[in-house]
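Student: Pasting a structure here, questions to come.
The values are calculated or read from the model by the stated rules, or taken from the named source; none is laboratory data. Not measured: the values here are computed from a predicted model. Ideal geometry is used to build each Cβ from the backbone, glycine not excepted, and the neighbour counts take in all protein chains shown.
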Amino acid sequence: MKPVFQILVAALLALPASSGAQTAPESTPGTGTLYVFRADEDNGPSYALTYQNKTLARMKSGTYVVLQLPEGRQYMLVDPTAKDVYGVDIKTGADQYAQIVTEGNLLRRTPTLVDATRSEFDSIRSSMKQVQLRNEP
């Protein structure tokens, strides 16, 4: 009976790990990964994440998106009506993080992107849903 157990354990260890969580797409040469997220606490309407005049995704509370962007300075908007441009320096092979936050009051809400850290993202990632891109950047 012992050899059957060893074979079973070996077979299970050989299977690829699948946690159900989606991961970043494989990086292509000259690109870096930007994780854009919006915490559950940032409630309100969804915002259009825009890059190079293309709406990439609608960002609701508790969502995130993974972007592969070319190396260099890249600019995006979290909501075109806010006209608040976010600039990020993408480094080849590096992971970077940006969080959508809403400033202002109930009558005048202004969404913006701010720099974030991996630990901030990881601390709430399990409670968020990954949004699929409408257009590839």
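Student: I'm told VAL65 meets every condition in (1) closer than 19 Å to THR110 by Cβ; (2) of a type outside the set (Gly, Ala, Ser); (3) assigned to a strand (DSSP E or B) except one. Can you identify the failing condition by its number?
Tutor: It is condition (1) that VAL65 fails.
One line per residue, one yes/no per condition, for (1) of a type in the set (S, T, N, Q); (2) free of Cβ contacts under 8 Å to residues at least 60 places away in the same chain:
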site: LYS54; (1), (2): no, no
site: GLY87; (1), (2): no, yes
site: GLN96; (1), (2): yes, no
site: PHE121; (1), (2): no, no
site: LYS129; (1), (2): no, no
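Student: Could you check how many residues of segment 28-62 are of a type outside the set (Phe, Trp, Tyr) and outside any loop (DSSP other than H, G, I, E, B)?
Tutor: Selection size over segment 28-62: 15.
Student: Within segment 82-95, is there a residue that is over 17 Å from the mean Cα position of the chain (by Cα) and not in a loop (DSSP other than H, G, I, E, B)?
Tutor: Yes, segment 82-95 contains a residue that is over 17 Å from the mean Cα position of the chain (by Cα) and not in a loop (DSSP other than H, G, I, E, B).
Student: Being at pLDDT below 95 and exposed (fewer than 14 other Cβ atoms within 10 Å of the Cβ) is the filter; apply it to segment 55-86 and report the residue that is nearest to THR117 (Cα to Cα).
Tutor: Only one residue tops the list, namely VAL85.
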